[in-house]
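Structure first, commentary second.
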Amino acid sequence: MDINERILNAATRVFARSGYGGARMAEIASEAGVNKATIYYHIGGKDDLYREVLHRVIKKVAHNLDYVFSTPMKPLEKLQAYIETINRIMAENPYVPPIVIREIVTGGAHIPQMVIDELLKVIGRLGEIITEGVERGELHPVHPFLFHIMTAGSCALSRLAGALSSRMPQIKDFLPEEKLGDNLKELLTRAISRR
């Protein structure tokens, strides 16, 4: 793993644990096994690190969704694939949910413009799919930003609630981890589907 990747992985873990405001460059350097000067030389300051951490996630989301959005499927099937993609990315990147929830709670206070621009592209594509579904009589009209926030927020909160549910064995049995994605997909698509 190259040094930039090591630094970004460490920064992702620290931002997930401490949030943007609580993250310290010394902690990121220690976690990456480098000194602060190395971080400044290779990536830059805290703002640069946070931008790169978020940009890595949104690039992964956008890349996966380009495939989903360009695949010939019905609008509802595309939305289901979208939900599956967001949930899979959250599952594969356990440090992402706390960052997502913090940004939702703070109104995106620390999201750089380049990440917002990428997010707007995703929301625009969602809007096209929802409009097509409404025109075909398959979907209820819903704002694409709301659908995105409901999806990302539900996937992130459900993952974070795992620690709480582990203290409640009855709930753990009710919703095992391997069923989480299917349950979220069912819940979110029932809300928008006209079927």
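Numbers below:
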item	result
Residue in region 117-129 that is out of contact with any Cys (no Cβ under 8 Å at 6 or more places or on another chain), within 25 Å of SER18 (Cα to Cα) and touching a residue at least 60 places away in the same chain (Cβ under 8 Å) present	yes
Region 180-195 residues that are under 24 Å from SER165 (Cα atoms), paired with ones that are aromatic (Phe, Trp, Tyr) and surrounded by 19 or more Cβ atoms within 10 Å (Cβ to Cβ) (beta carbon under 8 Å, 6 or more apart)	LEU188/PHE147
Some residue of region 83-106 being basic (Lys, Arg), surrounded by 14 or more Cβ atoms within 10 Å (Cβ to Cβ) and over 21 Å from LEU160 (Cβ atoms)	no
Residue within region 52-65 that is free of Cβ contacts under 8 Å to residues at least 24 places away in the same chain and part of a helix (DSSP H, G or I) present	yes
Of all residues in region 33-55 being more than 22 Å from VAL100 (Cα to Cα) and either touching a Pro at 6+ places or on another chain (Cβ under 7 Å) or of a type in the set (Gly, Ala, Ser) (or both), the one that is surrounded by the fewest Cβ atoms within 10 Å (Cβ to Cβ)	ALA37
Qualifying residue in region 17-39 (condition: in the same structural domain as MET114 (by TED's automatic domain parsing) and in a loop (DSSP other than H, G, I, E, B))	no
Among residues of region 1-20, those that are among the small types (Gly, Ala, Ser) and without any contact (Cβ under 8 Å) to a residue 24 or more places away in the chain, counted	2
Residues located in region 90-121, provided they are polar (S, T, N, Q) and closer than 23 Å to ASP182 by Cβ	ASN93
Entirely in region 79-195, the helices (runs of 4 or more DSSP H) that have 1 or more residues that are under 13 Å from the mean Cα position of the chain (by Cα) and at pLDDT 90 or above	96-105, 113-135, 144-160
Residue within region 126-139 that is under 25 Å from ARG51 (Cα atoms) and polar (S, T, N, Q) present	no
Boolean, ALA10 is surrounded by 15 or more Cβ atoms within 10 Å (Cβ to Cβ), over 23 Å from the mean Cα position of the chain (by Cα) and in a helix (DSSP H, G or I)	no
Complete set of residues in region 14-71 that are farther than 16 Å from LEU119 by Cα and among the basic types (Lys, Arg)	ARG17, ARG24, LYS36, LYS46
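Conditions tested, residue by residue: (1) within 16 Å of CYS155 (Cα to Cα); (2) basic (Lys, Arg).
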{"site": "ARG56", "(1), (2)": "no, yes"}
{"site": "LYS59", "(1), (2)": "no, yes"}
{"site": "ASN87", "(1), (2)": "yes, no"}
{"site": "ILE101", "(1), (2)": "yes, no"}
{"site": "ILE116", "(1), (2)": "no, no"}
{"site": "ARG125", "(1), (2)": "no, yes"}
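The values are calculated or read from the model by the stated rules, or taken from the named source; none is laboratory data. The shown structure was predicted, so the numbers you read here are calculated from the model rather than taken from an experiment. Counting neighbours? That spans all protein chains shown, and the Cβs are built from the backbone with ideal geometry, glycine included.
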